[in-house]
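Taking it in order: structure first as structure tokens, then the write-up.
Please treat every number below as a calculation from the coordinates, not as lab data. Since the model is a prediction, treat every value here as computed from it, not as a measurement. Every residue, glycine among them, receives a Cβ derived from its backbone with ideal geometry; neighbour counts consider all protein chains shown.
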Amino acid sequence: MSDIDWVIFDLGGVLVDWNPRYVYRRADLGLGDQTEARIDEFLREVATSDWNSQMDSGTPFQVAIQQRSKQYPAWANWLRMWQSEWPTMLRGPIDAAVDVFKDTVGARKNGRLKAVLALSNWEANTYKIAQARFPFLGLFDGRLISGEEKLIKPDPAFFKLLESRFGVEPGRSIFVDDLLKNTQVAASLGYNVHRFENAEKLRADFEARNIF
């Protein structure tokens, strides 16, 4: 028997291949110098993780982009593409990981788990795009999306909301995320964690824990 009753998945970088580089490598956008070094500079200095987190936590796209464009006018065209070409950032499902997810859903249907949940930093409106494109997202028993809840990982309050809304017990749960800062906070709150690197390691971990 497994000691795990709840399995909680992050989405981007675990089940869905999301990467802004897919946009800025497109020559047809006419953005000028689009070498990897130039893209690195943009992501490091302008479209930072902290800036993107503003939208994930509820700041409207247009507001965030307008404010950033005033700070970095030379990058205004690149910033506009963050919104208009956002669907291009979604390459597709990470198929092998989705297979693990579906097997986990099957284990829940067979009574081995209480719930399979999503806890993801995602802007509310663009999450709707992902839902339409990836039907497997409808298989979750419940979800917390940062843009909908106005909370964001790794804020412990986001995990506490998960617990109160879905009755999750951290010690009988496993949280899967690709970012170390998120798994570290989850572990400090008593969750079992798996820092996602690839689907093969994820499947091996789940099998070792008797989740399937």
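When both segment 12-85 and segment 128-158 are represented by their alpha-carbon centers, they are found 21 Å apart. Each residue of segment 9-21 was assigned a 3J(HN,Hα) from its phi angle through the Karplus expression (A = 6.51, B = -1.76, C = 1.60, θ = phi - 60°), giving 10, 6, 10, x, x, 10, 9, 10, 7, 10, 7, x, 4 Hz with x at Gly and Pro.
Shown for Arg91, Arg112: other C-beta atoms within 10 Å of each C-beta, ranked fewest to most, produce the order Arg91, Arg112.
Which shape class applies to segment 102-212: rounded if a/c is under 1.5, otherwise prolate when a/b exceeds b/c and oblate if not, where a ≥ b ≥ c are the square roots of the Cα gyration tensor eigenvalues? Present the calculation step by step, with values, prior to reporting the outcome.
Values: a/c = 1.43, a/b = 1.14, b/c = 1.25.
Cα axes put segment 102-212 in the rounded bin.
Helix 199-208 axis versus longest C-alpha principal axis of the chain: approximately 20°, rounded to the nearest ten.
P(r) tail for the chain: Cα pairs beyond 31 Å make up 23% of the total. For Asp17, nonlocal amide neighbours, meaning residues 5 or more places apart or on other chains whose placed amide H falls under 5 Å from its own, are Arg91, Gly92, Ile94. For Asn192, the residues whose amide H sits under 5 Å from its own are Ser173, Phe175, ignoring neighbours fewer than 5 places away on the same chain, with H placed 1.01 Å from N. Backbone geometry of segment 145-162 corresponds, through the Karplus equation with coefficients 6.51, -1.76 and 1.60 at θ = phi - 60°, to 3J(HN,Hα) couplings of 10, 4, x, 7, 9, 6, 10, 8, 5, x, 4, x, 4, 5, 5, 5, 5, 4 Hz, x marking Gly and Pro. For segment 80-94, putting each phi into the Karplus relation 6.51 cos²θ - 1.76 cosθ + 1.60 with θ = phi - 60° gives couplings of 4, 5, 4, 8, 5, 10, 3, x, 5, 5, 8, 6, x, x, 8 Hz, in residue order, rounded to whole numbers and with x for Gly and Pro. For a straight C-alpha distance cut-off of 17 angstrom, the aspartates and glutamates reachable from Lys153 (same-chain residues fewer than eight places away being disregarded) are Asp10, Asp50, Asp56, Glu123, Glu163, Asp177, Asp178. Bridge orientation summary for the chain: considering DSSP beta bridges with both residues in this region, about 15 percent are antiparallel. Amide H contacts of Arg143: Ala118, each under 5 Å away and 5 or more positions distant or on a separate chain (H built 1.01 Å from N in the peptide plane; Pro and chain starts excluded).
Within the same chain, lysines fewer than 8 places from Lys201 are excluded, and of the rest, those with a Cα less than 20 Å from its Cα are Lys102, Lys181.
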